[in-house]
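Worksheet: the structure to be examined is printed underneath.
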Amino acid sequence: MKKVFIKTFGCQMNEYDSEKMADVLESQSGYTPTDNLDEADMVLLNTCSIREKAQDKVFSDLGRLRDLKSQKPNLIIGVGGCVASQEGKQIVNRAPYVDLVFGPQTLHRLPALINERQRSGRSQVDISFPEIEKFDHLPPARKDGGAAFVSIMEGCSKYCTYCVVPFTRGEEVSRPFEDVLVEVSGLAQQGVCEITLLGQNVNAYLGKVNDQAELADFAMLLEYISEIPGIERIRYTTSHPKEFTSRLIQAHATLPKLVNHLHLPVQHGSDKILMAMKRGYTSLEYKSIIRKIRQVKPNIPISSDFIVGFPGETDEDFLQLMKLVEDIKFDNSYCFIFSARPGTPAANLKDDIPREVKVRRLQELTSLIDEHILAISKSMIGATERVMIEGMARDGQKLQGRTENNRVVNIDLPADTNAQRLIGKMTTVLFTDALAHSLKGELVLKLS
Ligand code: SAH
Ligand code: SF4
Ligand code: F3S
């Protein structure tokens, strides 16, 4: 059996796509996945170009693969994902030992690309955006554990001025409503109890119902998924403040399976910077969404992505960001330094902030958020929650799970507990202690 080694960079969408690559290669081309590079007949890099560093990693990996290929001339090297999408044929120009270049929307064509590579002896490049064709050509979803991801929409049409995603993944395209429901039901039948709905802007979802003109919005999708037997918990990522409708807020009030956690990236707290980023809302509008969601879910932990050091960000702008963070008290969030991406409008702005100022702002932001993370964790002590058990903790003695707000929790076990039985399931846990980035807990065993 031939073996494929897949390395994934970047976001959850890429993780999802890597799984799909493995599925399609196994079912159509006879490759099984391996974690051991030495035994691989094919190596695929599923790349990310969101920031400069992410992109650089790809080219340094390619350099190493070149050496490997000189020892193993039949090795097939493929580059997929967002760098592939952005650079296309230039990857082959720069690294002629690359056999395949394919984009996020053409990964289902991998078997055909491999055949054509072997038939013609030439490198193959296909980075087109054939709408939603990808989903019609992938094997049905499968999952071993208790949690699974389901992509509901692809691409992004927001064109934030700093971001490559609309260029690498194309415009927003939603999967048909029934297709998503069928995929989730199939996963539930295989024992999946937690579903994460994926997309760059899941709340921009507008899926065709029954091939009719009628469209279902994201709130409707959530309502229907909630009805699927076996699904106990629903997460989604990422949502955008612009389409955070009152129907979606209402869904949080009425659907108990929706997780008590919201990842709603604000990016900045200064209206001047938000405008320059073309995010489409003000800091006050963002706060008003959070106020409404907290009216229906008073203690909901909220996380975000942030960019510091955007061109033109003054000390005053940064203070406004810190003020917003203090007001909202964000939970565990992602903080980045602005990275100029070629081809985006912000790359043409004068990058007028010294590196050390950017680094200092990043540190100040992350340490303020760290304070809030710890305060949120401490407030969880004494509470019980349904926790998804992911496996054994590193010490091999405790179980490890994820809370609703994605905190790792290490769970003590009574001596006679059959720990393996709980893996991949949800169980009730009492939180007993809070550490910097994790919690301790105990099993609350049901008497029934
Ligand atoms: N669609 C999501 C997230 C997309 S990318 C959203 O709009 O919220 C994930 C994160 O990477 C973004 O939220 C942003 O914080 C960060 N990011 C994107 N482009 C960047 C750039 N050029 N420099 C630094 N961070 C960037
Ligand atoms: Fe990028 Fe903005 Fe789209 Fe998010 S909403 S993927 S940051 S363009
Ligand atoms: Fe990176 Fe593309 Fe995701 S740029 S963050 S892999 S959408």
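The values are calculated or read from the model by the stated rules, or taken from the named source; none is laboratory data. As the structure is a prediction and not an experimental result, all values here were calculated from the model. In this analysis, Cβ positions are derived from the backbone assuming ideal geometry, glycine residues included, and neighbour counts consider all displayed protein chains. Note: areas computed on protein heavy atoms with side chains; ligands, DNA, RNA excluded. Shrake-Rupley method; radii C 1.70, N 1.55, O 1.52, S 1.80 Å.
Both numbers refer to the Cα atoms of the range 2-126; Rg and Dmax are 13.0, 36 Å.
In this structure, GLU232 and GLN420 have a Cβ-Cβ separation that, at R0 = 22 Å, corresponds to a calculated FRET efficiency of about 0.65. Between the alpha-carbon centres of the range 247-278 and the range 290-316 there is a gap of 8 Å.
Summed over qualifying helices (DSSP H, 4 residues or more, each -39500 (n - 2.57)) and divided by its residue number, the chain shows a 222 nm mean residue ellipticity of -11500 deg cm²/dmol.
Separation of the alpha carbons by more than 24 angstrom is noted, of LYS398/LYS425; LYS242/LYS292; LYS143/LYS425; LYS287/LYS440; LYS242/LYS297; LYS53/LYS350, for LYS287/LYS440. Scoring 233-244, 279-290, 41-52 by mean Cβ neighbours within 10 Å over their residues and listing the highest first yields 41-52, 233-244, 279-290. Stretching ASN115 away from LEU37 to a fully extended chain increases their span by 25.9 nm, per 0.36 nm per residue minus the current alpha-carbon distance. Shown here for the range 331-424: trypsin sites (Lys or Arg not before Pro) in loop regions (DSSP other than H, G, I, E, B) with at most 12 other Cβ atoms within 10 Å, namely LYS350, ARG394.
The Cys residues in the chain with no partner Cys Cβ within less than 4.7 Å of their Cβ are CYS11, CYS48, CYS82, CYS156, CYS193, CYS335. Relative contact order for the range 135-379: 17 percent, from Cα pairs under 8 Å spaced at least 6 residues apart, divided by residue count.
Note on the chain: percent of Cα-Cα distances in each 10 Å bin, starting at 0 and stopping at the bin with the largest distance, equals 4, 19, 27, 28, 18, 4, 0. Note on the chain: dipole from Cβ charges, positive end direction compared against VAL429, MET1, HIS240; the farthest Cα belongs to MET1. Each label was represented as a point 7 Å from its Cα along the Cα-to-Cβ direction; for ALA213 and SER379 these points are 4.8 nm apart. Counting 0.36 nm for each residue step from THR245 to PHE59 and taking away their Cα separation leaves a gain of 62.8 nm. Only one residue of ALA213, HIS261, GLN400 has its Cα farthest out toward the positive end of the dipole of the chain, where Lys and Arg carry +1 and Asp and Glu -1 on Cβ, and that residue is GLN400. In the full protein context, the range 65-106 carries 40 Å² of accessible surface per residue, based on a 1.4 Å probe and ignoring ligands, DNA and RNA. Its Cα centre serving as origin, the chain has a Cβ charge dipole (Lys and Arg +1, Asp and Glu -1) of approximately 420 debye. Treating each Cα of the range 255-405 as one equal point scatterer and applying the Debye formula with no solvent, the log10 of I(q)/I(0) at q = 0.11, 0.15, 0.16, 0.17 Å⁻¹ comes out as -0.52, -0.86, -0.93, -1.01. For LYS208, give me every one of the lysines with a C-alpha distance below 18 angstrom, ignoring sequence neighbours fewer than eight places off in its own chain. Qualifying lysines at Cα under 18 Å: LYS134. Applying both filters, DSSP loop and at most 14 other Cβ atoms within 10 Å, to the GluC sites (Glu not before Pro) of the range 159-206 gives GLU171.
The label point for ALA340 and the one for SER157, both projected 7 Å from the Cα toward the Cβ, are 3.1 nm apart.
Rounded to the nearest Hz, the phi-derived 3J(HN,Hα) couplings of the range 322-331 under the Karplus curve 6.51 cos²θ - 1.76 cosθ + 1.60 (θ = phi - 60°) are 4, 5, 4, 4, 5, 5, 7, 6, 5, 7, where x marks glycine and proline. Here the gap between VAL182 and ASN93, fully extended at 0.36 nm per residue and compared with their Cα-Cα distance, gives a gain of 27.8 nm.
Rounded to the nearest Hz, the phi-derived 3J(HN,Hα) couplings of the range 226-237 under the Karplus curve 6.51 cos²θ - 1.76 cosθ + 1.60 (θ = phi - 60°) are 4, 7, 6, x, x, 7, 9, 9, 10, 10, 8, 7, where x marks glycine and proline. When only Cα pairs below 8 angstrom with a gap of at least 6 residues are kept, the range 1-144 shows a relative contact order of 22 percent.
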